[in-house]
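Scroll down for the structure; my scribbles are underneath it.
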Amino acid sequence: MGLNIAEVISDTWHTPGGRGAIIIIMILVTVIIVMAAEIRRQLDRMRRQVGDIEERDATIHNLQTSIALSQIKPHFLYNALNTIYVLCGKDLQKGRQAISDLSDYLRINIGSIDSKLPIPFEKEMEHVKKYLSIEKLRFPEEFTVSYVTPVTDFMLPALTIQP
């Protein structure tokens with residue numbers, strides 16, 4: 001014995017106030033269907049917007065990577081590699097140290113790509129010191145570096161001090 005909706009509606013229709021109740025129920029069902037369709041449309045729109053935002057974020061990240069990598073001057077890289085090559089033939093230990101310094105310099109440069117927050121001054125100076133240690137290998141007699149930094153306890157954006 002199942003519930004026959006047609007009979008329930010027919011019985012309700014013929015009772016006092018039944019027509020009004022059925023009309024109200026039909027209006028409510030219609031409103032719910034319309035609202036559900038609107039919610040689905042809004043969700044689809046939001047999903048598209050999230051996809052667009054993710055795509056823009058990926059594009060921004062790629063551009064930031066390109067900018068950071070382009071900041072590594074090709075001449076510096078060429079000269080550093082050439083200096084390391086010559087050093088390895090003369091003094092293997094200095095050549096290894098130069099490779100380590102260049103690797104650290106590049107790692108810091110590439111690692112700074114995603115840095116949105118300020119970094120400690122000391123960390124930025126470490127980057128500068130790696131760069132200068134490589135340059136000093138190229139010009140040992142002509143290159144003197146001294147650091148006068150009485151205040152070092154502050155933050156700054158990554159790659160602010162570019163040699």
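The values are calculated or read from the model by the stated rules, or taken from the named source; none is laboratory data. On a predicted model such as this, the values are computed, not experimentally measured, just so you know. Neighbour counts are summed over all protein chains in view; Cβ atoms, including those assigned to glycine, are modelled from backbone coordinates with ideal geometry.
Values for this structure:
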read-out: Residue tally, condition among the aliphatic types (A, V, I, L, M), loosely packed, with under 15 Cβ neighbours inside 10 Å and part of a helix (DSSP H, G or I), over the range 87-124; value: 2
read-out: Qualifying residue in the range 151-163 (condition: loosely packed, with under 12 Cβ neighbours inside 10 Å, hydroxyl-bearing (S, T, Y), assigned to a loop (DSSP other than H, G, I, E, B) and at pLDDT 85 or above); value: yes
read-out: Test: residue in the range 67-74 that is under 26 Å from T149 (Cα atoms), free of Cβ contacts under 8 Å to residues at least 60 places away in the same chain and in contact with a Lys or Arg (Cβ under 8 Å, 6 or more places away or on another chain); value: no
